[in-house]
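Below is one structure, written out as C-alpha cells, with a few remarks after it.
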Amino acid sequence: MSSNFLSRYIRLRAPRLRLFNGCSPTEITISNCFGEDELSPSAPRDTRNPTIGKSLPNYSTCILDENLKPVAVGFPGEICVSGLVVAQGFVDRDELTTAKFPPDPYGPGRLYRTGDKASFFLMAASSSLAVSPKGAGLV
C-alpha cells in the first residue's frame, strides 16, 4: 500500500469506510497476513505506517535479523514466513533457493526470506502483532 494511496484515503474522511491490507508473496502461495489497517477509523490505533495485520492460520510470520534471529519489538528486520504452505524453492535456481529458503530454525520445513524490511509493533487493543513495511526487495 503506497503512501500516496494512504494520503488519498485519509482525505476521504469516511468513518464507515474500513481499510484492510495484507502480505502475499508468491513463494508462500496466497496470503500469509491480513488485518484492518490502523488508519481505518475503526482500527485499534493510529499510525503513519500501513500494516499487513497478523499471521493467518498455518503460517508463522516473523521479523528476523541477517542471522535468522528474532529482532526486538519496534526494531527493523526481514519478514520471514514459515508453515506448511511455503514453497520448497525455485525451479532450476539452486543458489537462489539456498539463499531464500533456508531450513526453518524454529520448526519443521523451510523458511521463506521475503527480502521485505519491517518492524513488529504491539497493538494494545487486540493483543496481536502488526507488521509495518519499511521497504521491499522481492525476487
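The values are calculated or read from the model by the stated rules, or taken from the named source; none is laboratory data. Computed from a prediction, not measured in an experiment: that's the story for all the values here. Here the Cβ is made from the backbone with ideal geometry for all residues, glycine too, and neighbour counts use every protein chain on show.
What the table below lists for this structure:
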quantity	calculated
Condition broken by residue 86, with the remaining ones in (1) crowded, with 17+ Cβ neighbours inside 10 Å; (2) at pLDDT 70 or above; (3) assigned to a strand (DSSP E or B) satisfied	(3)
Among the candidates 13, 18, 45, residue that is at pLDDT below 85, on the phi > 0 side of the Ramachandran plot, of a type in the set (Lys, Arg) and surrounded by fewer than 20 Cβ atoms within 10 Å (Cβ to Cβ)	13
